[in-house]
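Heads up: the structure comes next, in structure tokens.
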Amino acid sequence: MRTRVPNNRRPAHPGELLKRLFLDPLDMTQRELAERLAVPYKRVNSLVHGRRSVTAETALLLARLFDTTPEYWMNMQAGYDLWEAQQGESRDKLERVEPINS
């Protein structure tokens, strides 16, 4: 199985999609989201601004609030993280690893 970058465009950070697809249409503030999730405002703000990743706990809370699944949030984060790793310093390491051909 080969590791590859699906395209050259950076995927949206889950926090950006949280804002664009959930908060904005509901006219919900970050502060209101933090209160509804019973988490600190800074946690929500850092997520929305891409300075924090979606954790398993956050995925569970967001899934419950927005009637999605935790996997929806975790898969979004995993896709973002993989893209970042494939573009960053890990890219050189990936290119040096020779696949095992069976």
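Restricting to the stretch 58-102, and then to whatever is touching a residue at least 12 places away in the same chain (Cβ under 8 Å) and over 15 Å from the mean Cα position of the chain (by Cα), can you tell me which residue is surrounded by the fewest Cβ atoms within 10 Å (Cβ to Cβ)? It comes out as 99. Checked against (1) in contact (Cβ under 8 Å) with a residue 12 or more places away in the chain; (2) outside any helix (DSSP H, G or I), residue 43 passes all but a single condition, namely (2). Take the conditions free of Cβ contacts under 8 Å to residues at least 40 places away in the same chain, out of contact with any helix residue (DSSP H, G or I) (no Cβ under 7 Å at 6 or more places or on another chain) and over 30 Å from residue 98 (Cβ atoms) and apply them to residue 52. Does it pass? No; evaluated as a whole, the condition is false for this residue.
Computed from the coordinates by the stated procedures, all read-outs in this text should not be read as laboratory data. Worth saying up front: this structure is predicted, and the values here are computed from it rather than measured. Cβ atoms come from the backbone with ideal geometry, glycine included; neighbour counts cover every protein chain shown.
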